[in-house]
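The values are calculated or read from the model by the stated rules, or taken from the named source; none is laboratory data. It should be emphasised that the depicted structure is a prediction, and the values quoted were computed from it without experimental measurement. Here the Cβ positions follow ideal geometry from the backbone for every residue, glycine too, while neighbour counts run over all protein chains shown.
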Amino acid sequence: MANQGENNTKLGIFVMAGLFVLILTFFMIGKNKSLFGGDFVLKARFSNLNGLMEGNNVLYAGIQAGTVKNIALINDTTIEVTLAINSKVKAYIHKNALVAIGTEGLMGNKVVNIIQVKGTAVNVANGDLLSPQKTVSTEEMLQTLSKTNNNLAVISEGLKGTITRINSSTLMEVIDNKEMGENLKASLRNINKATEDASHITYGLNTLVTGIKQGKGSLGLLLTDTAFAGNLRQAGMKIRSASEQTSALTKQLNEVVDGVHQDLAYGKGPLQVLLRDSAAGSNLNKTIENLQKGTDGFNQNMEALKHNFLFKGYFKKADKKKAQLH
């Protein structure tokens, strides 16, 4: 009986110890703590935890690397998070690694992601402080999405009003007018024809220019024939020389006119006397009249001599010689 009681006692102690271990295991699992993990910790500081709590998982490259051990408020803008890291993973974490708060799935629990950065760096030591990576939280994304939805609503309302005004405007009447459409088609055909004509004209001009460059035609000869260009240059020089001579002659004529003007205004020559002296002019007129009268009398005397029997033979011979000469 004594042995049976001792065995029952041992059995009870064993059952109680098993229950204690089982309860402790459930407690540690509930807290997301490893029973066999070490005391290696890392720290990170954030301005907003976005709902991160003690016991949440720490992931490295997507695998379980530890848990959130402690959360401490440093000041009004900084929160320090202590991470308990599995000893099997710590050998792969370097000092230049970044930490960021993420979510398991779309709406799951918060987790701390350790992100390895490219480059060489030494491994982390116990208690090292890792730099945080700026990420966009779900709340920020939802706020941005809400703002975008509001903007889309405003844009949709504006488009609705614009379409309504277009439907009630003259533009829609023009679009719905079949006659206007036909006229537009005709205008487009005319534009196409004008474009074709312009293309033909351009081709003709190109042909003409090519011929000119090749020396064809009068213009091509003018532009390419060096002899013709030389003759044209000589003609230009002659024209220039003639122009210079004309200028010199004009200058001489101006000098003569100025001299005559000086003589008329201030000179004492015969021209001055004739133009300025009225008595001399009157005498000159009388002299011209006397010369006219003397000429008339001479002509009459000559006519009388022609009929005189003494000179009639002479004048007949003179008339015959004139007739023979003509």
Point to revise | Subset of the stretch 60-111 [closer than 26 Å to MET141 by Cβ, assigned to a loop (DSSP other than H, G, I, E, B) and either touching a helix residue (DSSP H, G or I) at 6+ places or on another chain (Cβ under 6 Å) or β-branched (Val, Ile, Thr) (or both)] | key: THR77, THR78
Study note, to complete from the structure: Pairs returned, first residue in the stretch 137-165 that is at pLDDT 85 or above, second residue that is not charged (D, E, K, R) and not in a helix (DSSP H, G or I), beta-carbon separation under 6 angstrom, 6 or more apart or interchain, are none
Revision key, fill the gap. Per the filter on the stretch 89-142, residues closer than 14 Å to LYS43 by Cα and either among the acidic types (Asp, Glu) or touching a Pro at 6+ places or on another chain (Cβ under 9 Å) (or both) are LEU98, VAL99, ALA100, ILE101, ASP128
Exercise for review: Please state which of the following conditions ALA100 fails to meet, knowing it meets all the rest: (1) over 18 Å from GLY55 (Cα atoms); (2) within 47 Å of the chain's Cα centre (by Cα).
Suggested key: (1)
Check your understanding: Looking only at the stretch 244-297, which residues are of a type in the set (D, E, K, R), in a helix (DSSP H, G or I) and modelled with pLDDT under 70?
Key -> ASP263, ARG276
Practice item. Please name all residue pairs, on different chains or six or more residues apart, with Cβ atoms under 8 Å, provided the first residue is in the stretch 65-76 and is within 18 Å of PHE40 (Cα to Cα) and the second residue is of a type in the set (D, E, K, R) and at pLDDT below 90. Key: THR67/LYS31; THR67/LYS33
Practice item. Could you check, for the stretch 114-122, whether at least one of its residues is surrounded by 10 or more Cβ atoms within 10 Å (Cβ to Cβ) and among the hydroxyl-bearing types (Ser, Thr, Tyr)? Key: no
Check your understanding: Among the residues of the stretch 150-165, is there at least one that is among the polar types (S, T, N, Q), surrounded by 10 or more Cβ atoms within 10 Å (Cβ to Cβ) and within 30 Å of GLY108 (Cα to Cα)?
Key -> yes
Review point. For the stretch 116-136, what are the residues that are more than 45 Å from the chain's Cα centre (by Cα), in a loop (DSSP other than H, G, I, E, B) and of a type outside the set (Val, Ile, Thr)?
Key: GLN116, ALA121, ALA125, ASN126, GLY127, ASP128
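Would you check if LYS33 is loosely packed, with under 14 Cβ neighbours inside 10 Å and either at pLDDT 85 or above or not in a strand (DSSP E or B) (or both)? Reasoning before the result, please.
Details: loosely packed, with under 14 Cβ neighbours inside 10 Å: no; either at pLDDT 85 or above or not in a strand (DSSP E or B) (or both): yes.
Against the criterion (loosely packed, with under 14 Cβ neighbours inside 10 Å and either at pLDDT 85 or above or not in a strand (DSSP E or B) (or both)), LYS33 does not qualify.
Being more than 13 Å from LEU130 (Cβ to Cβ) and of a type in the set (A, V, I, L, M, F, W, C) is the filter here, so list the residues in the stretch 69-110 that pass it.
Looking only at the stretch 69-110, we keep the residues that are more than 13 Å from LEU130 (Cβ to Cβ), and these are 69-79, 84, 86-89, 91-92, 102-110.
Matches in the stretch 69-110: ILE71, ALA72, LEU73, ILE74, ILE79, ALA84, VAL89, ALA91, LEU106, MET107.
For the stretch 61-76, check the following and say yes or no: at least one residue is within 26 Å of VAL117 (Cα to Cα), at pLDDT below 85 and surrounded by 10 or more Cβ atoms within 10 Å (Cβ to Cβ).
Of the stretch 61-76, the ones within 26 Å of VAL117 (Cα to Cα) are 61-71.
Among the residues that remain, those that are also at pLDDT below 85 are: none.
No, the stretch 61-76 contains no residue that is within 26 Å of VAL117 (Cα to Cα), at pLDDT below 85 and surrounded by 10 or more Cβ atoms within 10 Å (Cβ to Cβ).
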